[in-house]
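Novice: Got a structure for you, questions after.
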Amino acid sequence: MRITSIRLDRLSVPLDPPFPAAWDPQPRRTFAATVVRVETDEGVVGVGSGDTMDGFEAFQHLFLGADPLAIARHVRTLETIDFHAGRFWPLEVALWDIAGQVAGLPVATLLGGATDAIPAYASCGMLLPADERAAAALRLRDEGFKALKIRVDAKRLEEGLAAVVATREAVGATMAIMVDLNQGWRMAGDRAPSLDPPAARAIAARLAELDVLWVEEPLAGTDIRGLAELRASAPGIRIAGGEMTRTFTELLAAVEADAFDVHQPDVVLAGGMLRGRTLGEVALARNRWYSPHTWTNGIGLLANLHVAAAVGGGPFLEYPYDPPGWTPERRDFMLAEPVRPGPDGVLRVPSTPGIGLVLDDAALRRYAA
């Protein structure tokens, strides 16, 4: 089998009303996605998505004519490109999709098959007043979710902590609560400094009193020593991070430094599926958690679900969901059916071979950028 072409469908769906993501300087009026389709001379087509794939056209000749099943070789090629250009890991997702179809198995089974289901946590993206966030949490619980994540803006700390307090009072012990401080990285042009360790430590202590399961990205992602020291000095709460870590070597360095209780590299943004699987195995072997970040679209969500299920990650998997601002229909506009957990709040690996998705061809035409 040989790769005959690599197609990039660049899409953009208008958001009306706009979505005020907590980490964005301005509300989002559009949501962009790039769908990668790898075509082969045997008619098998693999699909991936996640990062923008900007600039990939200059490097696609490194893959054309090659065996799509030689995934380890392609991963090493992608790592050399990553040094010079962008994060092109959606290509690897498409290659695994091909491998699963050829084998007649879900990718999670190919990669290990430790489980076929992981409970989802509703990853909320908006900053809401305390009473609104608590009411939203109750609605999520009614939908079957056993956990949710609340964004807290460090510049509006007391408002954010009030939302956590109100949510805990509303749900009691019936839901796990995570908190994301979004200090690990910055949107382009945002030069604001991250929290320093004493400030992060004080916030972590307050969150521990509210029985928060983990605090995510409390410091700059490059501050491995600070994260390790924070983790060692923050009893009662776990430290999570690593979602956008650039290289596999850096991911392993975080494990060796014991910087995180919860390792979160997103396989479509940080290191890919093969390396994500290895990182997950190493983290679990060290008695740490592996729960990937998944805030891209339904294709990226499925890719992370396959890898996390393959190694037995968890105890929860991120599910971007904060209605009415962020819904499965908005997030997965390129799919024939949005990815949803079951009524019990559990995400299940699709039983179909490959990644297990069906594109909406009409949506690809309608939202072509």
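Novice: Could you work out the Rg to Rh ratio of the range 181-231, with Rh taken as the Kirkwood radius (inverse of the mean 1/r over all Cα pairs)? Walk me through the numbers before you get to the answer.
Specialist: Details: Rg = 11.2 Å, Rh = 11.4 Å.
So for the range 181-231, dividing Rg by the Kirkwood Rh gives 0.98.
Novice: Give the average over all directions of the projected area of the C-alpha convex hull of the chain, one decimal, in nm².
Specialist: With the hull built on Cα positions only, its mean projection is 16.7 nm².
Novice: Dimensions of the range 214-266 along principal axes (Cα, Å, largest first)?
Specialist: Over the range 214-266, Cα extents along the principal axes are 29, 18, 15 Å.
Novice: When the chain is modelled as a GNM with alpha-carbon springs shorter than 10 Å, which of 164, 346, 102 fluctuates the most?
Specialist: 102
Novice: What does the highest-first list of 118-129, 327-338 look like by mean Cβ count within 10 Å?
Specialist: Details: 118-129: 22.6, 327-338: 17.9.
Packing proxy ranking, top to bottom: 118-129, 327-338.
Novice: Please work out the ratio of the alpha-carbon Rg of the range 170-285 to 2.2 N^0.38 Å and round it to two decimals.
Specialist: Normalised Cα radius of gyration, the range 170-285: 1.06.
Novice: Shifting gears a bit: Find how much the distance from residue 287 to residue 135 grows on full extension, using 0.36 nm per residue of separation minus their present alpha carbon separation; answer in nm with one decimal. Before the final figure, lay out the partial values.
Specialist: On the way: separation 152, 0.36 × 152 = 54.72 nm, distance 3.49 nm.
Stretched out fully, the residue 287 to residue 135 stretch lengthens by 51.2 nm.
Novice: Under 20 °C and 1.002 mPa s, how fast does the range 99-193 diffuse according to Stokes-Einstein, given a Kirkwood radius computed over C-alpha pairs? Answer in µm²/s, whole number. Walk me through the numbers before you get to the answer.
Specialist: Working: Rh = 15.6 Å.
Estimated via Stokes-Einstein, D reaches 137 µm²/s.
Novice: Also: Quick one: which residues, 5+ away or cross-chain, put their amide H under 5 Å from the amide H of residue 40? H built at 1.01 Å from N.
Specialist: Result for residue 40 returns 4.
Novice: Under the rule of -39500 (n - 2.57) per DSSP H run of 4 or more residues, summed and divided by the residues of the chain, what mean residue ellipticity at 222 nm is obtained, to the nearest 500 deg cm²/dmol?
Specialist: Working: 12 runs with 129 residues, N = 369.
That calculation yields -10500 deg cm²/dmol at 222 nm.
Novice: With just the Cα atoms defining each centre, how far is the range 198-251 from the range 41-73? Give it in Å.
Specialist: Spelled out, the Cα-based centre of one part sits 35 Å from the other.
Novice: Using +1 at the C-beta of Lys and Arg and -1 at the C-beta of Asp and Glu, which of 268, 252, 283 has the Cα lying farthest in the positive direction of the dipole of the range 239-296?
Specialist: 268
Novice: With N set to the residue count of the range 247-369, report its C-alpha Rg divided by 2.2 N^0.38 Å to two decimal places.
Specialist: On the way: Rg = 15.4 Å, N = 123, 2.2 N^0.38 = 13.7 Å.
Its radius of gyration relative to the 2.2 N^0.38 Å reference: 1.13.
Novice: Divide the volume of the convex hull of the Cα atoms of the range 9-100 by its number of residues and quote the answer in cubic angstrom per residue. Present the calculation step by step, with values, prior to reporting the outcome.
Specialist: On the way: hull volume 11.5 nm³, N = 92.
It is 125 Å³ per residue.
Novice: I'd like the Kirkwood hydrodynamic radius of the range 327-369, using the inverse of the mean 1/r over distinct C-alpha pairs, in Å.
Specialist: Details: mean 1/r = 0.0858 Å⁻¹.
For the range 327-369, inverting the mean 1/r across all distinct Cα pairs yields 11.7 Å.
Novice: Just the Cα atoms of the range 161-201: what Rg and Dmax do they give in Å?
Specialist: Taking only Cα atoms of the range 161-201, I get Rg and Dmax of 14.2, 40 Å.
Novice: Scan the range 96-193 for trypsin sites (Lys or Arg not before Pro) in coil per DSSP, keeping those whose Cβ has at most 13 other Cβ atoms within 10 Å, and list them by number. Walk me through the numbers on the way to the answer.
Specialist: On the way: sites: 133, 139, 141, 146, 149, 151, 155, 156, 168, 186, 191; in loops: 146, 186, 191.
The qualifying sites are 191.
Novice: Could you work out, for the range 258-302, what percent of all Cα-Cα pairs fall into each 5 Å distance bin, beginning at 0 Å and stopping at the bin that holds the largest distance?
Specialist: 5, 26, 30, 23, 11, 5, 0
Novice: What translational D, rounded to a whole number of µm²/s, comes out for the range 67-152 from Stokes-Einstein when the hydrodynamic radius is the Kirkwood one over Cα pairs, at 10 °C and 1.306 mPa s? Walk me through the numbers before you get to the answer.
Specialist: Details: Rh = 16.5 Å.
In µm²/s, the coefficient rounds to 96.
Only the coordinates and a few stated rules stand behind these numbers; no lab work does. For clarity, every value in this text was computed on a predicted model and none was experimentally measured. Reconstructed Cβ throughout: ideal geometry from the backbone, glycine too, with neighbour counts over all protein chains shown.
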